[in-house]
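Some notes on the structure that comes next.
The values are calculated or read from the model by the stated rules, or taken from the named source; none is laboratory data. Just so you know, these numbers come straight off a predicted model, no measurement behind them. Note that we place each Cβ from the backbone using ideal geometry, even for glycine, and neighbour counts take in every protein chain shown. Areas reflect the complete protein model, heavy atoms only, side chains present, ligands, DNA and RNA absent. Shrake-Rupley method; radii C 1.70, N 1.55, O 1.52, S 1.80 Å.
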Amino acid sequence: MARYRIRKTSSQPFHERGGHHQDAAEFHRTRRHNWFGVPWETPVIEASHDPSSRAALYSLKPQGIALNSSINLLSLDLFSLRKVYLDQTVTVSDVILEVLERAGNFKDHNIWISLQTPETLLAEAKKLEQQDPRQLPLYGIPFAVKDNIDFAGLPTTAACPDFSYLPAQTAFAVQLLIDAGAVLIGKTNMDQFATGLTGTRSPPPYGICKNALNPDFISGGSSSGSAVAVALKIVSFSLGTDTAGSGRVPASFNNITGLKPTRGLISCNGVVPACKSLDCVSIFSSSAAETAYLLDILVPLDPNDSYACDVRLLEPSQHSSKELKLRFGVPKPEQLNFFGDEQGAGLFKQAIATLKSIGDVVEIDFQPFLDAAVLLYGGPWIAERYAGIRHFIEARPEQLHPVVRQVLSSAQDKSAIDAFDGLHRLQHLKHQARSVLSGLSCIVTPTAPRIYRIDEVLADPVNLNSNLGYYTNFMNLLDLCAVAMPSGFYANGLPFGITLFGAALSDSRLLGIVNDIESRRRTALKGTEPDDDKLKITPMSSTGYRRIAVCGAHMHGLPLNRQLLELGARFYATARTSANYRLYALALAPPERPGLIRDEVQGKSIAMELWELPKTHWSDFIGHINSPLCLGSIELEDGQWEYGFLCENYPIIKSFEITGFGGWRNYLQAGTAGGG
């Protein structure tokens with residue numbers, strides 16, 4: 001039988017407190033660990049450290065509520081779920097109950113550290129059901145976050161029970177998702193303090209998170225639970241973190257997509273630091289298209305994030321069906337390392353063959369990247385890991401997982417001289433890496449050299465973990481971004497993955513390339529030609545609606561969006577034009593509006609939104625359109641064409657070109673326009 005004890009939790013993160021001797025005493029008196037989301041100053045029901053008692057984590061179900069068996073086979077991928085919400089065929093409550101049922105079915109995988117109670121989740125669902133799903137891009141979409149990311153309703157533990165605190169505020173990135181209508185289900189298991197790539201460094205009572213396809217194998221870490229929750233279709237997407245590969249290795253091992261964004265692109269406010277100067281919040285989802293959709297919601301600038309980067313500099317996705325062949329760089333054969341796994345080497349060759357069908361593949365010198373990787377744990381950055389949780393380590397060293405303690409043990413030997421030597425060495429390697437990347441669309445490597453059984457890693461935890469970082473550890477040090485994607489299966493049925501990476505702020509372009517590769521694979525399975533049947537990144541439109549592309553004041557939340565909503569229009573998806581358009585801020589009466597003009601010579605890709613308008617109101621809507629604006633066919637980045645807003649050429653001479661911003665919303669956020 002589960003055993004519980006009643007405690008209260010503290011609201012201040014231990015790693016943010018000063019004077020650690022006094023804090024250690026207070027910390028020891030107020031041991032805290034919250035299994036179930038409860039308000040501050042309310043006693044916490046805490047499961048004992050007996051792993052068997054964790055069954056209670058999944059057993060709290062509202063009395064008198066039955067699951068809707070008709071949705072048991074419901075797809076939880078983001079676009080499919082959004083479509084059924086828009087079609088009003090399921091409710092948010094239905095989905096929440098199904099998610100909780102699925103979570104219970106996989107409790108032996110040790111995915112969760114804490115879940116919101118069914119009562120709390122259903123109350124949130126009822127609130128959402130009073131709102132219009134067309135106005136919330138993530139309406140009712142269930143998601144999870146790694147338990148080093150704060151949510152005000154649940155404790156943050158970083159997989160260390162005695163580190164646990166109840167945050168007063170929700171992390172900036174998580175709040176953006178909630179504000180967009182997403183529902184946080186719970187917080188996921190991880191390698192303690194985000195130190196590891198295996199998923200095996202999570203102590204009792206949490207336990208080792210197991211691979212979604214074969215529980216005898218590692219899930220990858222440190223964002224283990226976040227990846228497995230998506231792979232097992234318990235949630236639609238999740239957030240992890242990525243300092244050394246934690247957003248890519250678990251994606252590979254569980255056959256899903258993982259984005260390690262450019263440093264600072266997604267706010268890290270409210271994240272327990274691993275290496276604060278290198279940390280990233282990562283995204284796990286089922287496809288590149290979903291990831292791009294989520295990234296667009298997560299990139300607003302956090303004014304309180306000192307490491308934030310300027311989203312206006314983010315490269316648009318310029319990959320289209322008319323683009324010249326891509327140019328992929330791959331390491332020389334002698335620089336590849338699969339640590340004895342011949343199958344992995346064969347699978348990477350197959351991946352290269354696929355790349356050759358859509359672009360040129362050239363061998364590159366991978367040595368600068370390998371040299372940079374050594375610095376992460378062998379250089380002074382190990383001291384930054386120690387500094388992030390120094391007060392806790394020095395007050396309670398016995399509470400660290402033994403392997404984590406071993407890894408951090410060398411930190412105190414690093415000196416200021418070592419730090420400067422490391423910085424100078426890294427700068428030299430950055431220069432070399434930029435030279436290698438020059439002229440390439442991206443570089444492609446295996447995501448991980450091989451996958452290990454759990455018992456193999458437990459027998460040799462440090463060396464095997466180091467092997468897994470061969471293709472990942474350099475990424476944040478060199479300020480790169482990366483997308484990990486599935487790329488075949490081993491003979492034992494476990495997945496193999498590849499990673500595409502490029503310079504900072506090429507995130508959207510990389511996602512566009514990955515989306516094209518995914519499209520070709522899916523169409524190949526259908527027996528159709530990829531160029532003629534590209535994968536749509538959003539669900540099919542209903543026959544009673546007609547789609548329209550908007551790029552200015554008619555977008556969600558902007559002044560003229562009400563014209564669409566009043567006519568019963570519903571949001572469909574974000575999109576981008578092909579790289580054949582220019583955007584101008586027009587000199588018109590308020591509200592301020594842009595003009596989109598096709599230019600196949602100097603054009604770029606421009607951000608848009610696709611909306612579905614009832615056909616019965618189409619004529620009512622176009623009656624509001626006045627010169628110089630007009631409707632015409634617009635080419636999207638995936639080669640499809642949609643009707644949308646274009647502009648005549650005559651007002652351009654008096655207008656200001658804003659093509660470089662990549663879209664109207666970016667221009668407004670830059671503070672250079674007063675409207676919208």
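Scan region 248-262 and report the pairs whose first residue is closer than 22 Å to L478 by Cα and whose second residue is open to solvent by 10 Å² or more (accessible area, probe 1.4 Å) and not small (G, A, S), with Cβ atoms within less than 7 Å and a gap of 6+ or a chain change. As it stands, the answer is T262/C309; T262/L505, since those pairs meet every condition given. Taken together, the residues in region 336-353 that are assigned to a helix (DSSP H, G or I) and surrounded by fewer than 16 Cβ atoms within 10 Å (Cβ to Cβ) amount to 6. When region 354-395 is limited to residues that are open to solvent by 10 Å² or more (accessible area, probe 1.4 Å) and among the aromatic types (F, W, Y), the one that is nearest to S409 (Cα to Cα) turns out to be Y386.
Would you confirm, using the coordinates I've provided, whether V483 is of a type in the set (V, I, T), touching a residue at least 24 places away in the same chain (Cβ under 8 Å), open to solvent by less than 30 Å² (accessible area, probe 1.4 Å) and closer than 24 Å to R509 by Cβ? Criteria met by V483. Count of region 247-295 residues, restricted to those that are open to solvent by less than 10 Å² (accessible area, probe 1.4 Å) and part of a strand (DSSP E or B), is 9.
The set of residues in region 416-466 being aliphatic (A, V, I, L, M), closer than 14 Å to L197 by Cβ and either without any contact (Cβ under 8 Å) to a residue 24 or more places away in the chain or open to solvent by 30 Å² or more (accessible area, probe 1.4 Å) (or both) consists of V462 alone.
Screening D599 against (1) under 31 Å from the mean Cα position of the chain (by Cα); (2) at pLDDT 85 or above; (3) among the charged types (D, E, K, R) leaves a single unmet condition, (1).
Looking at region 486-503, which of its residues are part of a loop (DSSP other than H, G, I, E, B) and open to solvent by 10 Å² or more (accessible area, probe 1.4 Å)? Matches in region 486-503: Y490, A491, N492, G493.
Considering only strands (runs of 3 or more DSSP E) fully contained in region 597-676, which possess at least 3 residues that are surrounded by fewer than 16 Cβ atoms within 10 Å (Cβ to Cβ)?
Passing ranges, in order: 629-635.
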